Amino acid sequence: MTSGKNTGTDRKVLVWLSFGVHGNEAGASESVPQIIYQLLTNKDRNYDEWLKNMVVIIDPNLNPDGNSRYIHWINQVSGTNTHPEIYDREHFEPWPRGRYNHYLFDLNRDWAWQTQKETRQRILVYNQWLPHIHADFHEMGHEANYYFAPAAEPYHKYVSDFQKSFQTEIGKNHARYFDAKGLLYWTRERFDLFYPSYGDTYPTFNGAIGMTFEQAGHSMSGRAILLSNGDTLTLARKIENNTIVALSTIEMAVKNTDSLHKNLVDYFAQSKTNPKGKYKTYILKNSKSTAALLNVLEKSGIEYGFAAQKIRLNAYYYQSRQNQAVDVDKDDIVIQTAQPKSVLLQVLMEEVPELADSLTYDITAWSLPLAYNVDCYATTAAVQIKTNSTPDARKKHPDATTAYAYHLPWDDVQSAHVLAELTKKGFRVRMAKKQVRIDSLTVQRGDLMITKGDNPGIKEFEKAVMTLDPEKKYFHPVSSGYSLNGGDIGGEAFELLKQPKVLLFSGEGTDATSVGEVWHYFEQILQYPLSIMDHQHLSRIDLYKYNTIILPGGWYGLSQEEVKELADWVKKGGRLIALEDGVKVLDVMEGWGLQAFATDEEKNESQKQSEEESLRARTYAYESFERRFLSSGTAGAIVRNKVDETHPLGFGMGNFYYSLKTNAMTYRLQKDFQNVITVPDNFESYGFIGHVLKSHLPQSVTLASKKHGKGDVICFVDNPLFRGFWYKGLQLFANAVFFPY
Ligand SMILES: [Zn+2]
C-alpha cells in the first residue's frame, strides 16, 4: 500500500478479523470455522461476488498458549452433560486462567510495545497488509449483551472524523441484523479508543477502522450458563452472534470499498506531507537506552535517521518541559513527523495525551521518551538536517592483550543482562560504591568491575571476558587498580556481588500478570535462572536454598506464621522484594510493612479531610458516584520521582525517575526505612490522576528498603515491570536483584 505501485490488491478492500487474544474467551476462536463456512458456501447471499473484490484475513487464535490452557482445563472438568447453573467446577477456572499468554502477559495490551513474541510476529505481517478494517473479537461477562462499535469516549484526538463516522455506520449495520432477530446489544458505553496498545487503537493509529467486539460469555460461562432472564447462553449462540457481526463487517467493507480506499490513501499521504500535531521533528540524544526505544519504533515501521552533522537549535525539552537550546551531535536520532506512520509515532511520543474525559479503561500516559528516560527534544518547525540510515561512528572499546580488570558501566538494563551472563559463567564481579577515576575512566556508582584478581579460576581471563562482548560495546579494559581520587578497586569502594538465587511466589491470589512480568524479566530480559513456586507450598519450601524471594502483586495474604518464617529468613541474610500490593503481605508483622502515615498528625489530618469529604458528599447526586470514585485513583499516569543516587537501589538511575503509577497506594516517607525513590512536593505528572490521590502523593515513597538483621526488605509501591514496556523500570528492578547495600 505504501509502495505506490498498484499491485492489483491496491483496489481490493482488506478486512482483518482477529479472534481470541484472550484465551479463555473461547467463543471467539470457536466462531471462525462457521464464519469461513458461511463465507464460502452460503449461496443465498452474494458472498462469492464480495470475495472477488476483497481480501479477508482471519487470525483465528491470537493467543494459542492461553487458549490451549483454557481448553485443556475445560475438557478435563466437562462431562457429557453441561451444567448451566453456576455451581459447577466448569465455571471456575483455576489460576492463572487462560486470558494471558505463556508468560502471563495480556496480549491485548501489547500491540504497540511488542514485548511478546506473538505480538512481534503478528505485527510483522500486519504491517505488510495494513488493512482498511481491523476487528478484534472478545468476550465479556456472561450477563452482558453484545457490544459492538461505535466505541465509547474518550477517543484519542488523532482518531479521524472518517474513522469515527465509519465506526458508527458499521455499528448501525450490525444493529440492523440484531434488531431483525430481536437480539440485545449496546454501543458507546465502554471500551474507549485511547491507550494505543490495544487491538482496536493500534490498527486505528495505523489508518484502519479499528474495533473491539464483545460477545457475552468469558471463562465463567463454560459451555452453557443460565442467565438472570431465564435464557441459557451456549457456545452455539456465541458462534451465531459472532458470525452475524463478522459478516456484517465484511459487508460494510465491500459496500464502501471506494471510500475506505480513498481514506486510507489520504491518511498516509497526509501523514507524509501535512502531519497532524504540533511537533515536526523529534531529536533523541543517543544513549545506551536509545537503541531499545528505536527498536519499538522500528517494529511498527516508523522511520528515523542518525544526524550526519552537528547543529545547534532551540527546541522543547521533554525532561525539563521547557524550550531551550540543544546541541544536536552526530549520530543523535532525528525523527521527522512527516512520514507514513506519523500518527502512531506521535501517539507513542506524546507527553500528555489530551483526555476529554477521565473515565477511561486504561493508563492515560505512556510517553516513550519518559519510559526510556531518553533525552528528547521536539520542534514545531521541521529541522533540516542531513541524516544517515545507520550511525556513522560505532564506538568500539579498545582491545587489550592484558587487563587488570574490565569496567562495565551500569546505565541500562543491558548491563544487567551482561552481569547475568557473567554470573552464570562463574565470574566474580565488583560494584563501585563511589565515583572514582581510574586510568582515563570515570567510574560511576553502580558501575561494575571484573578483575583478574577475583577470577583466578577463569582461564585466559581477557579472552573469556571479551567472548561475552564480541561487538566491544560493554567492557572497557582497565590497566591498574589504583584510583586517582582515592577508592582503589581492591578497597572498600568496590564491593563483591553475591550471586542471586531467586524464588518467586505464584498461585491463586497472586496477580497473574505480576508473576508473568517477573518470570518474563528473568527468562527473556536477564536470561537468568528463577524458581517459581505456588505460595500455598510455602511450608514445604526450604527457603535457605534461596537468597532472594519475590512477592508479586496480588491479594494473597500469607498467615502470620508464614510471614514470620520469611522474616526469620530475612534476618539471616535473605532479601525479600515486594511488588505493588504484594507489600501488604508484610502488614501482619509489626515493623515490617510500610506505614500509610509516618506521624499521628499526618494520620489525623488525612482522617479529617476524608470526614469533611463525607459530609460534603451528603448532597451529591447519585449519578456523580463514578466520577467521585475516580478522584481517589488513577488508571495509570506518569509521576516524576526523586532518586537518592547514593543508595545502591538508585545507582545508575540519575537523579530522577519517571514512575508509571497504576495503583492508588500511597505511603508517606517511612520512618526507619531508606526512602530511595520518592515523590517530591510540587511533583511533575503526566496523564490523569484523581485530585484526592494527587493530594496524597507529595512526600510519599515509591521505593523503600529496610534492613532486618543480616537481610533486607525492598518495597516497590509502583510496579517497575508493568507490561514489560517501562524500560527504565527494568533497569531499576535489576538493582534490587543484584546490588547489596
Ligand atoms: Zn478480551
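Diffusion coefficient (Stokes-Einstein, Kirkwood radius over C-alpha pairs, 10 °C, 1.306 mPa s) for segment 275-388: 110 µm²/s, rounded to a whole number.
How many angstrom lie between the C-alpha centres of segment 230-250 and segment 138-154? Computed from Cα coordinates, the inter-centre distance equals 13 Å.
Ranked by the mean number of other Cβ atoms within 10 Å of their residues, highest first, the peptides 20-32, 426-438 come out as 20-32, 426-438.
Across segment 509-518, rounded Karplus estimates of 3J(HN,Hα) from the backbone phi angles (6.51 cos²θ - 1.76 cosθ + 1.60, θ = phi - 60°) give x, 6, 7, 4, 5, 5, 4, x, 5, 5 Hz, Gly and Pro being marked x. Placing unit charges on the Cβ atoms only, positive for Lys and Arg and negative for Asp and Glu, gives segment 275-388 a dipole magnitude near 380 debye about its Cα centre. The lysine pair count for segment 1-128, using Cα distances under 29 Å and pairs eight or more places apart or on different chains, is 4.
Using θ = phi - 60° in the Karplus curve 6.51 cos²θ - 1.76 cosθ + 1.60, the 3J(HN,Hα) couplings for segment 190-207 round to 9, 6, 8, 10, 10, 4, x, 10, 9, x, 9, 6, 4, x, 4, 6, 10, x Hz; x is entered for Gly and Pro. Between the C-alpha center of segment 634-666 and that of segment 681-735 there is a gap of 5 Å. Comparing TYR404, ILE549, ALA621 along the charge dipole axis of the chain, the residue lying farthest to the positive side is TYR404, per the Cβ-charge model. For the chain, DSSP calls about 60 percent of its internal beta bridges antiparallel. Projecting the Cα atoms of TYR158, THR80, TYR147 onto the charge dipole of segment 46-198, computed from C-beta unit charges around the Cα centre, puts TYR158 farthest toward the positive end. Can you classify segment 509-663 as rounded, prolate or oblate using the Cα gyration tensor, where a ≥ b ≥ c are the square roots of its eigenvalues, rounded means a/c under 1.5, and otherwise it's prolate if a/b beats b/c and oblate if not? The shape class here is prolate.
Taking a straight Cα-Cα cut-off under 16 Å and skipping sequence neighbours fewer than 8 places away in the same chain, the lysines within cross-link reach of LYS395 are LYS285, LYS288, LYS330, LYS472, LYS473. A P(r) calculated from all alpha carbon pairs of the chain, with 10 Å bins opening at zero, reads 3, 13, 21, 24, 21, 12, 5, 1, 0 percent. Between LYS255 and GLU189, with labels modelled 7 Å along Cα→Cβ, what's the label distance in nm to one decimal, could you check? Computed distance between label sites LYS255 and GLU189 equals 2.6 nm. Charge dipole (Cα centre; +1 on Lys/Arg Cβ, -1 on Asp/Glu Cβ; no other charges) of the chain amounts to roughly 1900 debye. Karplus-based coupling profile of segment 403-418, in residue order and whole Hz: 10, 6, 7, 10, 9, 10, x, 9, 9, 6, 5, 4, 4, 5, 5, 5, with θ = phi - 60° in 6.51 cos²θ - 1.76 cosθ + 1.60 and x standing for Gly or Pro.
Values in this text are rule-based calculations from the coordinates and carry no lab data. Since the structure is predicted, the reported quantities are computational estimates derived from the model, not experimental observations. All Cβ positions, glycine included, derive from the backbone under ideal geometry; neighbour counts span all protein chains shown.
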